[in-house]
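Enquirer: Please find one structure pasted underneath; my questions will follow.
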Amino acid sequence: MTMRHGLCALFLLASCATAQSDDRSFRDRVLTSRASPEIALEIDAAFAPLPVQRFPIETMTNAERRVYVEAGADRVVRRMIVVQFERAQDGSDFRFRYPSRPPRQYGENTYRFGAYVYDDASAAQREPTREASLTRALLIAQGYAPPRLWRASRLARVTDPDGLTEIIIFYFENADADYPAGPLQGADEDGDLVLDAEAREALARRMEAAIRPLRG
């Protein structure tokens with residue numbers, strides 16, 4: 001094991017050690033947050049919870065990432081749900097400032113919505129300290145095989161008037177079988193292949209069936 005991989009493993013152990021905090025818990029298939037945002041989300045029983053990830057994002061925010069996976073007997077991940085809570089770090093002047101456009105109503109709130117296909121393996125390699133890399137490492141450490149490509153539906157909103165907190169809800173589907181090997185053709189400069197309107201809506205509906213807002 002290289003020093004970098006060893007440090008990554010130690011980091012993951014430290015960040016995933018606690019399964020719940022005073023502010024958030026997962027019981028009876030319901031993820032409940034009592035901190036900003038106050039929300040309750042029901043996760044479909046097909047998805048298994050993984051250890052909680054907590055890590056800083058540069059010197060801007062601290063993230064808590066709740067990951068749930070559905071996999072076959074071969075341990076290849078078919079679908080994944082990620083709920084990411086972020087808060088600006090103490091002393092940082094970073095603030096979440098963005099409109100809910102394009103808008104989508106989800107539960108009691110309006111979110112910024114997007115749906116796309118992207119190369120998760122390349123993103124992880126390109127930014128080894130960011131979310132894609134850390135979550136791929138978590139999946140592998142838990143004995144799962146993550147795909148190269150994800151089809152993703154993303155909801156995000158700022159959750160307090162001062163712009164200190166944010167929630168992002170992701171729904172992922174394994175898209176490896178739908179695209180050839182090699183670079184993702186048609187992707188934009190961020191590496192995302194934006195889905196057309198019909199595919200976006202279908203993916204959003206599958207997302208809403210897999211993770212249902214009960215409050216907030």
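Enquirer: Can you tell me which of 51-61, 155-165 comes out highest on packing, and rank the rest after it, using the mean Cβ neighbours within 10 Å? Mind dumping the intermediate values first?
Expert: On the way: 51-61: 15.6, 155-165: 17.4.
With the highest mean Cβ count within 10 Å placed first, the list reads 155-165, 51-61.
Enquirer: Taking the Cα centre of segment 87-165 as the origin, how large is its charge dipole in debye, to the nearest 20, when only Lys and Arg (+1) and Asp and Glu (-1) carry charge on their Cβ atoms?
Expert: On the way: 13 positive and 9 negative charges, 69 e Å.
The calculated dipole for segment 87-165 is roughly 340 debye.
Enquirer: Something else now. Let me know the charge dipole size of the chain about its Cα centre in debye, to the nearest 20, where only the beta-carbon of Lys, Arg (+1) and Asp, Glu (-1) is charged. Don't skip to the answer; put the middle values down first.
Expert: On the way: 29 positive and 32 negative charges, 80 e Å.
My answer is approximately 380 debye.
Enquirer: Could you give the length gained by full extension between S122 and S25, i.e. 0.36 nm per residue of separation minus their alpha carbon distance, to one decimal place? Show your work: numbers first, answer last.
Expert: Values: separation 97, 0.36 × 97 = 34.92 nm, distance 3.20 nm.
Result: 31.7 nm gained on full extension.
Enquirer: Along Cα→Cβ, 7 Å out, is where each label goes; now give me the distance between the ones at E42 and V76 in nm to one decimal.
Expert: 3.2 nm
Enquirer: Treating each Cα of segment 106-216 as an identical point scatterer and ignoring solvent, apply the Debye formula and state log10 I(q)/I(0) at q = 0.24 Å⁻¹.
Expert: Values returned for q = 0.24 Å⁻¹ are -1.41.
Enquirer: Run the dipole for segment 135-216 about the Cα centre, Lys and Arg Cβ at +1, Asp and Glu Cβ at -1, nothing else charged, and hand back the magnitude in debye, nearest 20. Please report the intermediate quantities before stating the final value.
Expert: On the way: 10 positive and 14 negative charges, 95 e Å.
With Lys and Arg at +1 and Asp and Glu at -1, about 460 debye.
Enquirer: Kirkwood Rh and Cα-based Rg: tell me the resulting Rg over Rh for segment 84-134, rounded to two decimals. All intermediate terms of the calculation are to be shown ahead of the outcome.
Expert: Numbers: Rg = 14.6 Å, Rh = 13.9 Å.
With Rg and the Kirkwood Rh in hand, the quotient comes to 1.05.
Enquirer: Can you tell me the mean projection area, over all orientations, of the convex hull of the chain's alpha carbons? Units nm², please. List each step's numbers first, then the result.
Expert: Values: hull surface 50.6 nm².
For the chain, averaging the hull's shadow over all directions gives 12.6 nm².
Enquirer: Another question about this same structure. Please work out the Cα center distance from segment 168-206 to segment 125-150, rounded to the nearest Å.
Expert: 17 Å
Enquirer: Mind checking the full-extension length gain between R34 and D90? Use 0.36 nm per residue of separation minus the Cα-Cα distance, one decimal, nm. Write down the numbers at each step before the final one.
Expert: Working: separation 56, 0.36 × 56 = 20.16 nm, distance 1.98 nm.
Additional length available on full extension: 18.2 nm.
Enquirer: FRET efficiency for N62 and A181, Cβ-Cβ distance as r, R0 = 30 Å, nearest 0.05? Don't jump to the answer; show the numbers that get you there.
Expert: Details: r = 37 Å, r/R0 = 1.23.
The pair N62/A181 has a calculated efficiency of 0.25.
Enquirer: Moving on to the next point. Going by average Cβ neighbours within 10 Å, how do the peptides 210-216, 71-77 rank, with the highest at the top? Before the final figure, lay out the partial values.
Expert: On the way: 210-216: 16.7, 71-77: 12.6.
The packing order, highest mean first, is 210-216, 71-77.
Values in this text are rule-based calculations from the coordinates and carry no lab data. Since the model is a prediction, treat every value here as computed from it, not as a measurement. Cβ: placed from backbone, ideal geometry, glycine included. Neighbour counts: every protein chain shown.
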